[in-house]
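Novice: One structure is given below, represented as C-alpha cells, and several questions about it will come after.
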Amino acid sequence: MILTISPSKAQGHIIAPPSKSMAHRLLICAGFAEGTSLISNVDLSEDILATMDCLRALGAELDFEDRHVTVKGIDIRNIQKPALLSCRECASTLRFMIPACLMSGQPMTLTGSPALFRRPLSVYENICSDRGLRFRLKENCLQVCGLLSPGQYTVPADISSQFISGLLFVLPLLQEDSRIILTGPVESRSYILMTIQALQSFGVKILWEDDHAIAIPGNQTYSPRNVCVEGDYSNAVFFDALNLTGGKVTVEGLSEDSLQGDRVYKSYLRQIDEGCPAISLSDCPDLGPVLMAAAALRHGAVFTGTKRLKIKESDRGLAMQLELSRMGVRTEIAENHIRVFPGAEHPGEILDGHNDHRIVMALTVMLASVGGKIRGAEAVKKSLPDFFDRLASLGIKITSDEPDR
C-alpha cells in the first residue's frame, strides 16, 4: 500500500497505545496460570495475535472483546500432544515460546516467515545442544523436543533480552531452583525488568543476586490475575515527535514510573530539539528509527549502541540511511554508532518502508513535515494497526494511492 502524506501540523490530544511488550508478557503469564485471568487494554496487533495464537496452540483458551482478553490458562508441563505454533513475524513471540515448548517433552514446531528465522536464535540452539534437546532450524520453522532441566544457564546479554525473558517464564515451574548468569554487557535490561514485573504480578518470585546473576526459585505456580496493560512509550514517541516541527500534540496515558526503557524518549527528543546530542540506544534500540528521523528534521545527532539495529525486522540503520538519503540527509554508519546530519527535504521518489513497522512510522513523521509518498505502509499492522487513523485524528493529511501490485 502506498500512502501520500501532505505537509500538515498535528494538533490535539491522544491516548498512548497499550504497551505491546507488556501485553505479550501478561498474556503469557495468564496462559501459564491454571484458572481464568483478565487482561485489559489490549490492541490486536499482528504481534499480539501471534502470541495469542501460540497460547491457544498449547491449549490455553483466549477470548477477545472490547480490548479485553479473557484467558483460561494451562499447566504447560502437562501438554499431552505435539503442537504447531504460528509466530508470524514476531521475534518476541518466537523467543518467548521456545522454552515453553521444552516443558512437556512433546515435539513442537514453531512456524513463521523466513525473515523471522534469520534473526538470531543461537542462544537457545546452544542451550539445547548442551542439554541434549532437539533443535532443528529450517527456513520457515523450528522443531524442538525435550525437557528443560533446572540448573545454571549462562546467557550472553548483548544479543537480545528476549532469550532471558523466555527462560524466566518457565524456569520457576521446574521442581528445583535455577540460576541465569548474564555474560557481557546487559543491553535492554529494562525489558528483563518488565518480564520480572509481569511474573511478580502473577505471583512468581524472581531474585537478582547482582547485576549479572538472577536466582529463580523452583516449584512455583502462576496465579490467575486481572491486570491492565500500561501505555506504550515506544509507540507514543511517534506522536510526540510531531511536536518538533510545529505540532501541538499531548500524549496521555503514560505511567511516569514505568519500567519501559523507551520512556527516555521525552528527554532524547528534547535534546534533539535543542542541539546535536550524543544519545545511547543500548537500552532502547526501538527508538532508533524515529530518533534518526527527528535528528534529520532538527539539528542532527550522534547515536551510540546501534549494533543491534542490524537484527531487527530490517537492518534499521541501513534502511534509515537509504531513505534519509532520498530526502537529502547525510548519515555516517559505523559498527556501533550512527551520525545523522540535519537538512531533510521533500523526497524526489517514493520512500520504502522495508516491511518494518518502525521504519514506516518514523518516515511518516518526517513526511508530515516535508511531504511525500511511502510504500509498504501496511507494515504498521505489526504493532499499531490504527497508526494512520490516529494521525488523521490529529490533522495529518493522508491519502491512499493504488495498492502495490
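Novice: Which condition number in (1) surrounded by fewer than 21 Cβ atoms within 10 Å (Cβ to Cβ); (2) out of contact with any Asp or Glu (no Cβ under 7 Å at 6 or more places or on another chain) is the one that ALA91 fails?
Specialist: With (1) surrounded by fewer than 21 Cβ atoms within 10 Å (Cβ to Cβ); (2) out of contact with any Asp or Glu (no Cβ under 7 Å at 6 or more places or on another chain) applied to ALA91, the lone miss is (1).
Novice: Six or more apart or on different chains, Cβ under 7 Å: which pairs go from a residue in segment 87-105 that's more than 16 Å from ASP53 (Cβ to Cβ) and in the same structural domain as ASP130 (by TED's automatic domain parsing) to one that's at pLDDT below 95 and among the β-branched types (Val, Ile, Thr)? Could you list them?
Specialist: Nothing qualifies.
Novice: Quick check, is THR36 in the same structural domain as ALA198 (by TED's automatic domain parsing) and surrounded by 23 or more Cβ atoms within 10 Å (Cβ to Cβ)?
Specialist: Answer is no for this residue.
Novice: In addition: Among the residues that make up segment 263-283, is at least one of them touching a residue at least 60 places away in the same chain (Cβ under 8 Å), in the same structural domain as GLY371 (by TED's automatic domain parsing) and within 20 Å of the chain's Cα centre (by Cα)?
Specialist: Yes, that holds for at least one residue.
Novice: Moving on to the next point. Of all the helices (runs of 4 or more DSSP H) wholly in segment 235-346, which have at least 2 residues that are surrounded by fewer than 21 Cβ atoms within 10 Å (Cβ to Cβ) and either touching a Leu at 6+ places or on another chain (Cβ under 9 Å) or at pLDDT 95 or above (or both)?
Specialist: Passing ranges, in order: 265-274, 316-325.
Novice: Now a separate question. Are any residues in segment 29-73 in a strand (DSSP E or B) and acidic (Asp, Glu), and if so, which ones?
Specialist: GLU61, ASP63, GLU65
Novice: Is it true that PHE64 is in contact with an Asp or Glu (Cβ under 9 Å, 6 or more places away or on another chain) and among the aromatic types (Phe, Trp, Tyr)? Spell out the reasoning first.
Specialist: Values: in contact with an Asp or Glu (Cβ under 9 Å, 6 or more places away or on another chain): no; among the aromatic types (Phe, Trp, Tyr): yes.
Judged against the criteria, PHE64 is not a match.
Novice: Hey, another quick one. So the check is Cβ under 6 Å with 6+ separation or different chains; which pairs have a first residue in segment 184-198 that's in the same structural domain as HIS24 (by TED's automatic domain parsing) and a second one that's among the hydroxyl-bearing types (Ser, Thr, Tyr) and in a loop (DSSP other than H, G, I, E, B)?
Specialist: GLU187/SER282
Novice: So in segment 136-170, with the set limited to residues that are within 17 Å of the chain's Cα centre (by Cα) and of a type in the set (Val, Ile, Thr), which one is nearest to LEU110 (Cα to Cα)?
Specialist: The selected residue is ILE164.
Novice: Checking SER160 against (1) modelled with pLDDT of 95 or more; (2) among the small types (Gly, Ala, Ser); (3) buried (at least 17 other Cβ atoms within 10 Å of the Cβ), only one condition comes out false. Which one?
Specialist: (1)
The values are calculated or read from the model by the stated rules, or taken from the named source; none is laboratory data. None of the values given here were measured: they were computed from a predicted structure. We place every Cβ from the backbone using ideal geometry, glycine too, and count neighbours over all the protein chains shown.
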